[in-house]
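The block underneath contains the structure these notes are about, expressed in structure tokens.
The values are calculated or read from the model by the stated rules, or taken from the named source; none is laboratory data. Keep in mind that what you see is a predicted model, and the values were worked out from it rather than measured. Cβ placement follows ideal geometry from the backbone for every residue including glycine, while neighbour counts extend to all protein chains displayed. Each accessible area value is taken on the protein alone, full model and side chains, heavy atoms only, with ligands, DNA and RNA left out. Shrake-Rupley method; radii C 1.70, N 1.55, O 1.52, S 1.80 Å.
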Amino acid sequence: MAIFNSKDITLYFGAEMLFGGVTFEVEKGDRIGLVGVNGCGKTTLIKAMRGEVEYDGGEFVKSKETVLGYMEQHVVRDSSVSVYDEVLSVFAPLMKLERELDEVNAAAGEGSPTKELLEKQMTLREKFEEEGGLTYRTRAMSSLLGLGFTLPEQEKPVSVLSGGEKAKVQLAKLLLSGANFLLLDEPTNHLDIAAATWLEKFLLEYKGSYIIISHDRYFLDKVTTRTFELENKRLTAYKGGYSAYRKKKEEDLEIAWRHYDNQLEEINRIKGIIEQQKRFNQERNYITIASKEKQIERLEAELVKPQMLPKKLRFGFHCTDPVTDEIMTAKNLQIGFDGEKLFSGVDIDVRKHERVFLLGANGSGKTTLFKILMKQLVPETGNVAYGAGVKVGYYDQLMTGLTDSKTVMNEIWDAYPKMSQTQVRTALGSFLFSGEDVFKTVGVLSGGEKARVALLKLMLSGCNFLLLDEPTNHLDINSREALEDALAGYGGTVFIISHDRYLINKLATRLYKLTPAGAVTFTGNYDDYLAISEGEQVLSAAKAKEQTAGDSANKQDYKRRKEMQSDIRKLNTRVQRAEKRIGELEAEIADVNGQMQLPDVAGDYEKVAELSERLGALQSELDAQTEEWAAAAEELERLEDQG
């Protein structure tokens, strides 16, 4: 049953159409992700659905039972208002009614009330009670308690809350509003992994429908079953979450291009027949020509060129290897502020070509740790050492290295004055700054545009060790994927702070989790870390239960079995990851071999040398992955035999 329909919605900004012909249905229980590049109109579409923005054509149809709830990008704005009063604001009409009833009650208590006043008093009281006036304050308090806010915490001003706490306040307001169709605009912005995981659980248990705008692909895969894509001013609906949508889109695009190429080939074949018939120059030939020309007209009328994909960032990081395998070592780092310790006993080592990620709750000190590593802060104890030949580059999530008054062009050129104007403009063009865009001042750029400028400066530095603090913040999905591809092909070493679990899964070779008592290391990506953490939680709970029972023999047996199960899960992950990479490498090797057989390549010495070098690198990685697969598979077989 449809609870909300969009029929041919068209919206213009000035003379330019933002999107047109937008048609979709939302069914009861639908969980929809809305994706598209920055600026394509996602937030505007959501606002139009709410009636906040006027549109130029079409209509929205909402069922009588549908109650819209909206969670905007900036969550709850900073304010001196308490958490409880912020949530209570959802009942503003009821509070207004209560004030009016209080005034009438006061008037009725003075002297002899008139019949009209008593009737008004009764009408207001009945309306107040029917709309939940007797319980709304209790419901607000109970909702906050259910979301983890104690009574003292409900009196805190909203301004001191973390991003995750603000998101919970906004959700409390949505729940109390009675909304059964949520519109959520970037709800995971500013959330750490723990808060994002909480939000996932909340949405999976939510009984209503929702549409979510998000660049968080891991989050979308968890909580959505349909995907709407705004691209090239049109909306296309897909079944499945983000990963399923991407796969289907690539398949559809491949089929569309194949069909288009076949149609062009057929048109060219018929044109060849026409040219041949013209050479024969007989009357019957012209009859054939007329027939074939009509055939071409029909084919050309049906010819539809597939839509081009949006522009992507095109960039790569280039560097020379340091002398040593030991890139960076930090020992016994400790720091605190205002007499309170932030963290202590932090030991970290990073080796050449590793892709290490730093996890931790908001406020745990991740950015502070990076500033210590960059020698911008001095720790109370401990030291940091870099290996010989290590050149460090730092991406600051606040992008403090940019100057608002400079043009985009001068921001790059001043940093690298030896580059020619053509080289600078070419580099900027690869980061989607073309034409007059290069003369915009940095101060007027969007967050995503500033991030692209900062990343370009870093790319041009030639550093072989990158410290990246939340590099995917402000980037849309296409730009995130381009960054991932660049980092995957980067020949240096990276250490990254991120809450982007999709990015972590794609790139990480090792993780650190920062805690007040130190940094704990885990081998693998986020899913590996999650499996280990969940296993440890299960084991910890089981140990506590067994200790209470005093059954030490069973405890040891349980621990052994749980450890074995955890090892088997990790080995399965290693085997599957190695198998996937082996398949990718074999396909790449076949492609390079195919290129080397091409006549125009075979005669080009430099191109052959380049491809040969690439082939050698691929073969070396294939050998390493094959060894990794064999070792993991052998160990897995041994453990399974023991079990």
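Numbers for the structure displayed
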| quantity | calculated |
| --- | --- |
| Sole residue being touching a helix residue (DSSP H, G or I) at 6+ places or on another chain (Cβ under 8 Å), assigned to a helix (DSSP H, G or I) and closer than 30 Å to residue 515 by Cα, chosen from 191, 220 | 220 |
| Where a residue in region 475-487 is under 21 Å from residue 356 (Cβ atoms) and its partner, wherever it lies, is in a helix (DSSP H, G or I) and open to solvent by 20 Å² or more (accessible area, probe 1.4 Å), with Cβ under 6 Å and at least six apart | 484/506 |
| Total residues in region 470-487, condition over 18 Å from residue 40 (Cβ atoms), assigned to a helix (DSSP H, G or I) and open to solvent by less than 20 Å² (accessible area, probe 1.4 Å) | 4 |
| Leading residue by the ranking (least open to solvent (accessible area, probe 1.4 Å)) among those in region 217-237 that are within 17 Å of the chain's Cα centre (by Cα) and more than 26 Å from residue 67 (Cα to Cα) | 217 |
| Condition check for residue 290: modelled with pLDDT under 90, open to solvent by less than 50 Å² (accessible area, probe 1.4 Å) and not in a loop (DSSP other than H, G, I, E, B) | yes |
| First in region 462-473 and under 14 Å from residue 354 (Cα atoms) and of a type in the set (A, V, I, L, M, F, W, C), second anywhere and open to solvent by 10 Å² or more (accessible area, probe 1.4 Å) and part of a strand (DSSP E or B), Cβ under 9 Å, 6 or more apart | 465/386; 465/392; 466/392; 466/394; 467/392; 467/394; 468/394 |
| Unmet criterion (only one of (1) on the phi > 0 side of the Ramachandran plot; (2) open to solvent by less than 50 Å² (accessible area, probe 1.4 Å)) for residue 457 | (1) |
| Residues satisfying the stated conditions in region 238-267, i.e. surrounded by 14 or more Cβ atoms within 10 Å (Cβ to Cβ), basic (Lys, Arg) and farther than 13 Å from residue 306 by Cα | 246, 248 |
| Qualifying residues in region 425-454 (those that are crowded, with 17+ Cβ neighbours inside 10 Å and in a loop (DSSP other than H, G, I, E, B)) - the one farthest from the chain's Cα centre (by Cα) | 433 |
| Residue 173 vs. criteria open to solvent by 30 Å² or more (accessible area, probe 1.4 Å), under 30 Å from residue 208 (Cα atoms) and assigned to a helix (DSSP H, G or I) | yes |
| Subset of region 108-149 [in contact (Cβ under 8 Å) with a residue 12 or more places away in the chain, within 30 Å of residue 201 (Cβ to Cβ) and either of a type in the set (Phe, Trp, Tyr) or in a loop (DSSP other than H, G, I, E, B) (or both)] | 132, 136, 147, 148, 149 |
| The listed residue being touching a residue at least 24 places away in the same chain (Cβ under 8 Å), open to solvent by 20 Å² or more (accessible area, probe 1.4 Å) and not aliphatic (A, V, I, L, M), out of 152, 157 | 157 |
| Scan of region 30-68 for residues that are touching a helix residue (DSSP H, G or I) at 6+ places or on another chain (Cβ under 8 Å) and assigned to a helix (DSSP H, G or I), ordered by number | none |
| The listed residue being open to solvent by 10 Å² or more (accessible area, probe 1.4 Å), of a type in the set (A, V, I, L, M) and either out of contact with any Ser or Thr (no Cβ under 9 Å at 6 or more places or on another chain) or under 26 Å from residue 323 (Cβ atoms) (or both), out of 494, 520 | 520 |
| Test: residue in region 326-345 that is open to solvent by less than 70 Å² (accessible area, probe 1.4 Å) and within 28 Å of the chain's Cα centre (by Cα) | no |
| Leading residue by the ranking (modelled with the lowest pLDDT) among those in region 302-356 that are more than 30 Å from residue 428 (Cβ to Cβ) and of a type in the set (Asp, Glu) | 302 |
| Failed item, numbered, when residue 274 is tested on (1) among the β-branched types (Val, Ile, Thr); (2) open to solvent by 80 Å² or more (accessible area, probe 1.4 Å); (3) in contact with a helix residue (DSSP H, G or I) (Cβ under 6 Å, 6 or more places away or on another chain) | (2) |
| Neighbours by Cβ (under 6 Å, 6+ apart or cross-chain): first from region 355-372, small (Gly, Ala, Ser); second assigned to a loop (DSSP other than H, G, I, E, B) and open to solvent by 10 Å² or more (accessible area, probe 1.4 Å) | 361/192 |
| Search result, residues across region 497-508 that are open to solvent by 10 Å² or more (accessible area, probe 1.4 Å) and either free of Cβ contacts under 8 Å to residues at least 40 places away in the same chain or outside any loop (DSSP other than H, G, I, E, B) (or both) | 502, 505, 506 |
| Cβ-Cβ under 6 Å pairs, at least 6 apart or on other chains, region 179-202 side under 22 Å from residue 529 (Cβ atoms) and modelled with pLDDT under 90, far side part of a loop (DSSP other than H, G, I, E, B) and open to solvent by 10 Å² or more (accessible area, probe 1.4 Å) | 188/216; 192/361; 192/362; 192/499; 193/499; 194/361; 196/188 |
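To keep it simple, each residue is scored yes or no on (1) open to solvent by less than 60 Å² (accessible area, probe 1.4 Å); (2) in contact with a strand residue (DSSP E or B) (Cβ under 6 Å, 6 or more places away or on another chain); (3) of a type in the set (Gly, Ala, Ser); (4) within 30 Å of residue 207 (Cα to Cα).
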site: 9; (1), (2), (3), (4): yes, yes, no, yes
site: 12; (1), (2), (3), (4): no, no, no, no
site: 30; (1), (2), (3), (4): yes, yes, no, yes
site: 45; (1), (2), (3), (4): yes, no, no, yes
